[in-house]
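Read through the structure below, which is laid out as structure tokens, and then see the notes.
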Amino acid sequence: EAGVAQSPRYKIIEKRQSVAFWCNPISGHATLYWYQQILGQGPKLLIQFQNNGVVDDSQLPKDRFSAERLKGVDSTLKIQPAKLEDSAVYLCASSLIQDFAEAFFGQGTRLTVV
Amino acid sequence: GDSVTQMEGPVTLSEEAFLTINCTYTATGYPSLFWYVQYPGEGLQLLLKATKADDKGSNKGFEATYRKETTSFHLEKGSVQVSDSAVYFCALSGGNTGKLIFGQGTTLQVKP
């Protein structure tokens, strides 16, 4: 079974530029999560989708971050404009259902903002 | 709000030593508790979980018991190997959304 796919693996951009990350969850997984992991910290949830609807985006900085999950499968996370403090690893995870189901994580995209 | 606190790292042990990584949590209600592991260059993987008080999760020789009275979920292994070197994250999931709240992670280094 293929795992959660993310691209790109690494990205370096200048502040005020925009960037987009892509995630392809495990086939059949209804729930998709985007987490931000700053160096030395645990992952923090940015947004959660159930199929193509948003369940929780309370921690998403909506003035600069946006995410969508068209057709309830792939998802993209965008930052525009980027700030230095956005440097982090962005993790995508998916699960069959949202309640107590194991979340499977991708390898993440490491973003460096200079 | 809900939170997870782990012991500071890095933890450095010799092969075959006993491992304990402490984890305590603060939560309303009755969360599920998890340990995730991140090996070098790989994504987060679920190591074990417990969904109610007094449950013991176990996998690959690792164990953790859900202690509601002390709000703890300490990770233990009787004899560590070099291949156990990784970053370990304690996490909880409260409510019914599946959202995970992570601790800051503990780096384990096992030397031959």
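Does the range B:52-66 include one or more residues that are within 11 Å of another protein chain (Cβ to nearest Cβ), modelled with pLDDT of 95 or more and open to solvent by 30 Å² or more (accessible area, probe 1.4 Å)?
No, that holds for no residue.
Name the single residue that is nearest to B:Phe73 (Cα to Cα) among those in the range B:11-51 being modelled with pLDDT of 95 or more and in a loop (DSSP other than H, G, I, E, B).
Among them, the one singled out is B:Asn22.
Given (1) closer than 23 Å to A:Glu102 by Cα; (2) modelled with pLDDT of 95 or more; (3) not aliphatic (A, V, I, L, M), where does A:Lys71 come up short, assuming only one miss?
(2)
B:Pro40 - would you say it is open to solvent by 60 Å² or more (accessible area, probe 1.4 Å), within 14 Å of chain A (Cβ to nearest Cβ) and farther than 29 Å from A:Gln48 by Cβ?
When the stated conditions are applied, B:Pro40 does not pass them.
Scan the range A:37-44 and tell me whether some residue there is under 14 Å from the mean Cα position of the chain (by Cα), open to solvent by 40 Å² or more (accessible area, probe 1.4 Å) and of a type outside the set (Val, Ile, Thr).
Yes - at least one qualifying residue is present in the range A:37-44.
Search the range B:78-90 for residues being out of contact with any Lys or Arg (no Cβ under 8 Å at 6 or more places or on another chain) and not hydroxyl-bearing (Ser, Thr, Tyr), and hand back the single one that is most open to solvent (accessible area, probe 1.4 Å).
It comes out as B:Gln81.
For the range A:60-87, enumerate the residues that are within 14 Å of chain B (Cβ to nearest Cβ) and in contact with a Gly (Cβ under 9 Å, 6 or more places away or on another chain).
Within the range A:60-87, no residue meets the criteria.
The values are calculated or read from the model by the stated rules, or taken from the named source; none is laboratory data. None of these values were measured; they are calculated from a predicted model. When we count neighbours, we look across all protein chains shown, and the Cβ atoms used for this are built from the backbone with ideal geometry, even at glycine. Heads up: the accessible areas ignore ligands, DNA and RNA and are worked out on the full protein's heavy atoms, side chains in. Shrake-Rupley method; radii C 1.70, N 1.55, O 1.52, S 1.80 Å.
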